[in-house]
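**Q** Pasting a structure here, questions to come.
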Amino acid sequence: MFIGFTRAMFPTPRFPLAAAVLLVACAATTAPLRGHLLQDHDAAGRLLAGYDAQIGPPRLLAATPRPAASAAEPTTHTPPQARAFAPFAPKVATRWDERFFYVESDGLPDHRLMVGITAWQQQVPLPQAYTGENAWRFPLTPKPAVLPLSAKSHFFRGAIAIAANGVPIFNPIKNDGRTDTFLAGELDEFGGHAGRADDYHYHIAPLHLQEQVGAGRPVAYALDGYPIFGLAEPDGKPPTDLDSFNGHATAALGYHYHASRTYPYLNGGFHGEVTEREGQVDPQPRAKSVRPAQKPLRGATITDFTRPAPERFELTYRVDGDTRVLRYASKPDGSAVFDSETRSTAAHPPVSDPTPPREPPPANPPAHARQPWLKVHAREMDANGDGTLTGEELADETKKVFAGYDQDGDNRLTAAEYAGSGPGVRSAMGGFLRQHAKEIDADDDDVILPAELEATAEKMFTKTDADHVGRLAPDELTLPPGYQATPPNPESKNRPPRP
């Protein structure tokens, strides 16, 4: 519940002098293992199919220097997670401590990039410094979450998994919360593309890595620490009884996720504990942007991508019947240089987006511009009428609303209870629950639990509580002059008031 929101020494052995025994203590240290870890492919295992039977194993491009290693001390044994990443050493480096497993890379895989994209944002792949404190990490011992979160309604920003080749994997649904990137043509033949920071990442499970990691081994790890296997179990049989997150538990492996050829493609959420902050798993590495985000280039199709040298790249695409090449290079300081675009046969000026620019937003929003729900309705939940909404008051209102809808008293709300024809709950929070049930239902199981409603209310409260003191003062609840909850509607003035 979110009420309040203010949340050896060892004895020295003594030996008889007559024994005259001299004991010599020897200590040995081992250097951190960083990559060459049990490169044991299972030659007898069956190779699982990739995205397309026509796609062969990734062809290697020019090698990229190994990223700098961090000085964190590993534990004395090699964790099983290391086996999945070992085939990609030394380009991908791993380390671990008592709690976490870390993955370091430059984010660029050794296969052809960007080819096949038909909805291009004019972003290109550049090396990223996912090293040291900016490395990827996940727990060595994952723990089931009390409130599992679905990727259908959460985590539209940042990565949700890390592939065995050190490439991050983002939610298949892009940050607009509705577009399936695979179906929209935004991904290349290996399921990836370059993001707004020119950072390459996948959006679907990297099934093409199965041959390199070995049959029956994970192709990725979700950021909650659970492994993501391919289309089959290690014994070659298809998985059964998968939950809504594409996961299940077996006696041999415990809980784990599986890839699929249709949505959700990989882990459809998090069975394990993660922290969500600002729409993404936190913490996670930051990609370095070297230029402003680009605009979509309508009608462009990327047809080739080469790497003439470790630091130089060439992306070929077709648009308006022309073949054009974009050449660019990364520099040691992390910046990049972009050459002018050219035709395959003659100089050609850069293509501009024919879409007219949007009108800039007005400097002062109109009085009926949308305001945070909690600010609009705080006074209705201010139980003592002192003009301040406390965490306790909001918590009490949340309890009351849940109990009011929970007709059978089983501590869970079904759609029949909160959206049926019953009396319902006549309050602002009651209306919010009915209208936003899908967002409140964090694990998308069509049932709302008390913890889900509490978490939603806490998130709204924390966002509005600017000074983080556990109460919303009048100045934090002030609305723009003339604000109305809904824009004026001339046709509604003669309607009877709502009960």
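The values are calculated or read from the model by the stated rules, or taken from the named source; none is laboratory data. Owing to the predicted nature of the structure, the values given are computational and were not obtained by experimental measurement. We place every Cβ from the backbone using ideal geometry, glycine too, and count neighbours over all the protein chains shown.
**Q** In segment 204-230, how many are of a type in the set (Val, Ile, Thr) and under 18 Å from Thr181 (Cβ atoms)?
**A** Total satisfying the criteria: 2.
**Q** Arg286 passes all but one of (1) of a type outside the set (Gly, Ala, Ser); (2) modelled with pLDDT of 90 or more; (3) surrounded by 17 or more Cβ atoms within 10 Å (Cβ to Cβ); which number fails?
**A** The failed condition is (3).
**Q** Also, quick follow-up: Which of the residues that make up segment 291-331 are surrounded by 15 or more Cβ atoms within 10 Å (Cβ to Cβ), of a type in the set (A, V, I, L, M, F, W, C) and in a loop (DSSP other than H, G, I, E, B)?
**A** Correct list: Leu297, Ala300.
**Q** Before we move on, is Ala119 over 21 Å from Phe190 (Cα atoms), over 21 Å from the mean Cα position of the chain (by Cα) and of a type in the set (A, V, I, L, M, F, W, C)? Outline the logic, then answer.
**A** Numbers: over 21 Å from Phe190 (Cα atoms): no; over 21 Å from the mean Cα position of the chain (by Cα): yes; of a type in the set (A, V, I, L, M, F, W, C): yes.
So Ala119 fails the test.
**Q** From the list Arg95, Arg112, which residue is of a type in the set (Lys, Arg), surrounded by fewer than 22 Cβ atoms within 10 Å (Cβ to Cβ), out of contact with any Gly (no Cβ under 8 Å at 6 or more places or on another chain) and farther than 18 Å from Asn267 by Cβ?
**A** On the way: Arg95 fails: surrounded by fewer than 22 Cβ atoms within 10 Å (Cβ to Cβ).
Being of a type in the set (Lys, Arg), surrounded by fewer than 22 Cβ atoms within 10 Å (Cβ to Cβ), out of contact with any Gly (no Cβ under 8 Å at 6 or more places or on another chain) and farther than 18 Å from Asn267 by Cβ holds for just one of Arg95, Arg112, which is Arg112.
**Q** Could you grab me the full set of residues in segment 122-151 that are under 14 Å from Arg286 (Cβ atoms), part of a strand (DSSP E or B) and hydroxyl-bearing (Ser, Thr, Tyr)?
**A** Correct list: Tyr130 only.
**Q** Counting only residues that are in contact with a Ser or Thr (Cβ under 9 Å, 6 or more places away or on another chain) and part of a loop (DSSP other than H, G, I, E, B), which one in segment 450-476 is surrounded by the most Cβ atoms within 10 Å (Cβ to Cβ)?
**A** That would be Gly470.
**Q** Can I ask one more? Have a look at Ala415, Ala442, Ala437 and point out the one that is among the aliphatic types (A, V, I, L, M), farther than 25 Å from Gly470 by Cβ, surrounded by 15 or more Cβ atoms within 10 Å (Cβ to Cβ) and out of contact with any Lys or Arg (no Cβ under 8 Å at 6 or more places or on another chain).
**A** None of the other options fit; the residue is Ala437.
**Q** Return yes when Thr179 is hydroxyl-bearing (Ser, Thr, Tyr), at pLDDT below 95 and over 19 Å from Phe245 (Cβ atoms) and no when it is not.
**A** It is true that Thr179 is hydroxyl-bearing (Ser, Thr, Tyr), at pLDDT below 95 and over 19 Å from Phe245 (Cβ atoms).
**Q** Mind telling me which of the residues Gly236, Gly225 ends up being surrounded by fewer than 24 Cβ atoms within 10 Å (Cβ to Cβ) and either modelled with pLDDT under 95 or not assigned by TED's automatic domain parsing to the domain that holds Glu104 (or both)? Give the derivation first.
**A** Working: Gly225 fails: either modelled with pLDDT under 95 or not assigned by TED's automatic domain parsing to the domain that holds Glu104 (or both).
Residue meeting the stated conditions: Gly236.
**Q** Does segment 241-278 hold any residues that are closer than 17 Å to Gly216 by Cα, surrounded by fewer than 16 Cβ atoms within 10 Å (Cβ to Cβ) and either among the hydrophobic types (A, V, I, L, M, F, W, C) or modelled with pLDDT under 95 (or both), and which are they?
**A** Within segment 241-278, Ala249, Ala251, Ala252, Leu253 qualify.
**Q** If you don't mind, there's one more thing I want to ask. Of all residues in segment 259-275, which are under 24 Å from Ser105 (Cβ atoms) and outside any loop (DSSP other than H, G, I, E, B)?
**A** Phe270, Gly272
**Q** Just one of Phe313, Phe338 is at pLDDT 95 or above and either among the aromatic types (Phe, Trp, Tyr) or not assigned by TED's automatic domain parsing to the domain that holds Asp106 (or both); which is it?
**A** Values: Phe338 fails: at pLDDT 95 or above.
Checking each option against the conditions leaves just Phe313.
**Q** Mind checking which residues of segment 376-390 are touching a helix residue (DSSP H, G or I) at 6+ places or on another chain (Cβ under 7 Å), surrounded by 16 or more Cβ atoms within 10 Å (Cβ to Cβ) and at pLDDT below 85?
**A** Residue satisfying the conditions is Asp382 alone.
**Q** Can you spot a residue in segment 128-149 that is within 27 Å of Ser335 (Cβ to Cβ), of a type in the set (A, V, I, L, M, F, W, C) and more than 16 Å from the chain's Cα centre (by Cα)? Steps first, please.
**A** As a first pass, look at segment 128-149 and keep what is within 27 Å of Ser335 (Cβ to Cβ): 128-137.
Checking which are of a type in the set (A, V, I, L, M, F, W, C) leaves us with 129, 135-136.
Subsequent filtering for residues that are more than 16 Å from the chain's Cα centre (by Cα) retains 129.
Within segment 128-149, one or more residues are within 27 Å of Ser335 (Cβ to Cβ), of a type in the set (A, V, I, L, M, F, W, C) and more than 16 Å from the chain's Cα centre (by Cα).
**Q** Report whether or not Gly230 is crowded, with 24+ Cβ neighbours inside 10 Å and farther than 25 Å from Lys288 by Cβ.
**A** It is true that Gly230 is crowded, with 24+ Cβ neighbours inside 10 Å and farther than 25 Å from Lys288 by Cβ.
Conditions (1) surrounded by 24 or more Cβ atoms within 10 Å (Cβ to Cβ); (2) in contact with a Pro (Cβ under 6 Å, 6 or more places away or on another chain); (3) in the same structural domain as Ala252 (by TED's automatic domain parsing); (4) at pLDDT below 95, marked per residue:
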| residue | (1), (2), (3), (4) |
| --- | --- |
| Pro139 | no, no, yes, no |
| Pro144 | no, no, yes, no |
| Leu147 | no, no, yes, yes |
| Lys152 | no, no, yes, yes |
| Lys174 | no, no, yes, yes |
| Arg196 | no, no, yes, yes |
| Arg217 | no, no, yes, no |
| Tyr221 | yes, yes, yes, no |
